[in-house]
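S.K.: First the structure, which I've put down as structure tokens, then a few questions once you've had a look.
The values are calculated or read from the model by the stated rules, or taken from the named source; none is laboratory data. Please read these numbers as outputs of a predicted model, since none were measured by experiment. In this analysis, Cβ positions are derived from the backbone assuming ideal geometry, glycine residues included, and neighbour counts consider all displayed protein chains.
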């Protein structure tokens, strides 16, 4: 699977997320404690946009109903999530952030 550049490191503040598109997928690109992660953007509860939720302590919280997901694994950490979200490999090349899709 190829890596695709989706952003620059300057595009994200620490402990924040933003929406990116790669490989036809809507992905929440996350900067948590200075590291970058990528998860499916759609919450498994009722489809809330994870990229709009707060990032704290290695988790991202859905802004609609507060389901929480681990940013490293996509694992559901707190309900009302109905399951995990997919996560994607991320690498930084220079100042570019790339996701494997």
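S.K.: Does residue 5 count as part of a loop (DSSP other than H, G, I, E, B) and either exposed (fewer than 15 other Cβ atoms within 10 Å of the Cβ) or in contact (Cβ under 8 Å) with a residue 40 or more places away in the chain (or both)?
M.R.: Details: part of a loop (DSSP other than H, G, I, E, B): no; either exposed (fewer than 15 other Cβ atoms within 10 Å of the Cβ) or in contact (Cβ under 8 Å) with a residue 40 or more places away in the chain (or both): yes.
Considered against the rule, which asks whether it is part of a loop (DSSP other than H, G, I, E, B) and either exposed (fewer than 15 other Cβ atoms within 10 Å of the Cβ) or in contact (Cβ under 8 Å) with a residue 40 or more places away in the chain (or both), residue 5 comes out as no.
S.K.: Something else about it: What are the pairs with Cβ atoms under 7 angstrom where one residue, in region 11-33, is closer than 18 Å to residue 44 by Cα and the other, located anywhere, is surrounded by 15 or more Cβ atoms within 10 Å (Cβ to Cβ) and at pLDDT below 95? Sequence gap at least six, or different chains.
M.R.: Matching pairs, first to second residue: 25/101.
S.K.: Confirm whether residue 26 is at pLDDT 95 or above and part of a loop (DSSP other than H, G, I, E, B).
M.R.: Considered against the rule, which asks whether it is at pLDDT 95 or above and part of a loop (DSSP other than H, G, I, E, B), residue 26 comes out as no.
S.K.: Going by the structure shown, is residue 39 modelled with pLDDT of 95 or more and under 17 Å from residue 88 (Cα atoms)? Please lay out each step first, then the result.
M.R.: Details: modelled with pLDDT of 95 or more: yes; under 17 Å from residue 88 (Cα atoms): yes.
So residue 39 passes the test.
S.K.: Mind telling me which of the residues 87, 62 ends up being touching a strand residue (DSSP E or B) at 6+ places or on another chain (Cβ under 6 Å) and in contact (Cβ under 8 Å) with a residue 12 or more places away in the chain?
M.R.: Details: 62 fails: touching a strand residue (DSSP E or B) at 6+ places or on another chain (Cβ under 6 Å).
Testing whether each residue is touching a strand residue (DSSP E or B) at 6+ places or on another chain (Cβ under 6 Å) and in contact (Cβ under 8 Å) with a residue 12 or more places away in the chain leaves just 87.
S.K.: Let me ask something else about it. Looking at (1) modelled with pLDDT of 95 or more; (2) more than 11 Å from the chain's Cα centre (by Cα); (3) farther than 20 Å from residue 78 by Cβ, which one does residue 44 not meet, given that it meets all the others?
M.R.: (3)
S.K.: Within region 16-38, take every residue that is touching a helix residue (DSSP H, G or I) at 6+ places or on another chain (Cβ under 6 Å) and crowded, with 16+ Cβ neighbours inside 10 Å and give me the one that is nearest to residue 3 (Cα to Cα). Please lay out each step first, then the result.
M.R.: Going through region 16-38, the residues touching a helix residue (DSSP H, G or I) at 6+ places or on another chain (Cβ under 6 Å) turn out to be 17-19, 28.
Imposing the further condition that a residue be crowded, with 16+ Cβ neighbours inside 10 Å reduces the set to 17-18, 28.
Working: 17: 19, 18: 18, 28: 16 Å.
This residue is 28.
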